[in-house]
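Bear in mind these aren't lab numbers, they're just calculated from the coordinates by the rules spelled out. All of these numbers come straight from a predicted model, not from anything done at the bench. Glycine gets a Cβ as well: all are built from the backbone with ideal geometry, and neighbour counts include every protein chain shown.
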Amino acid sequence: MSTEKQGAHPRHGLAPLLNAPVRLSVMAALAAVDKAEFGFVRDLVEVSDSALSKQVAALEEAGLVAVAKGRVARRPRTWLSLTAQGRTVYRRHLDALRAIAGP
């Protein structure tokens, strides 16, 4: 029987929601900015509108991403940003990945 402390492995710091590559990519894109327009993130992550919408909805429901709607020159626009919780979760996830990968 192992005497290792339960929960000590860095994998316990991973956020299961961020195991999906598109969600992780969205979080990474938003971590670098205060906010980004939906179309910019869609193009950066290279997914369709519907695929991005689905992933953003999951992140928003978890409280990691904020969605704001508005208009620019009479055209509807959607902006995405990380919440404070989202930034924390993303940072912890990256820290866990680095710890798992080692030096």
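In the chain, helical runs assigned H by DSSP with n ≥ 4 each contribute -39500 (n - 2.57); averaged across all residues and rounded to the nearest 500, the mean residue ellipticity at 222 nm is -15000 deg cm²/dmol. By the compact-protein rule of thumb, 2.2 N^0.38 Å, the alpha-carbon radius of gyration of region 12-54 corresponds to a ratio of 1.17. Dipole orientation for the chain: of the candidates 86, 15, 73, 73 has the Cα lying most toward the positive pole (charges on Cβ; Lys, Arg +1; Asp, Glu -1). Go ahead and run the numbers for FRET between residue 43 and residue 88, Cβ-Cβ distance against an R0 of 22 Å, rounding to 0.05. Once rounded, the FRET efficiency stands at 0.25.
Phi angles across region 36-42 convert, under the Karplus curve 6.51 cos²θ - 1.76 cosθ + 1.60 with θ = phi - 60°, into 3J(HN,Hα) values of 9, 6, 3, x, 5, 5, 4 Hz, Gly and Pro given as x. Normalised by 2.2 N^0.38 Å, where N counts its residues, the alpha-carbon radius of gyration of the chain equals 1.26.
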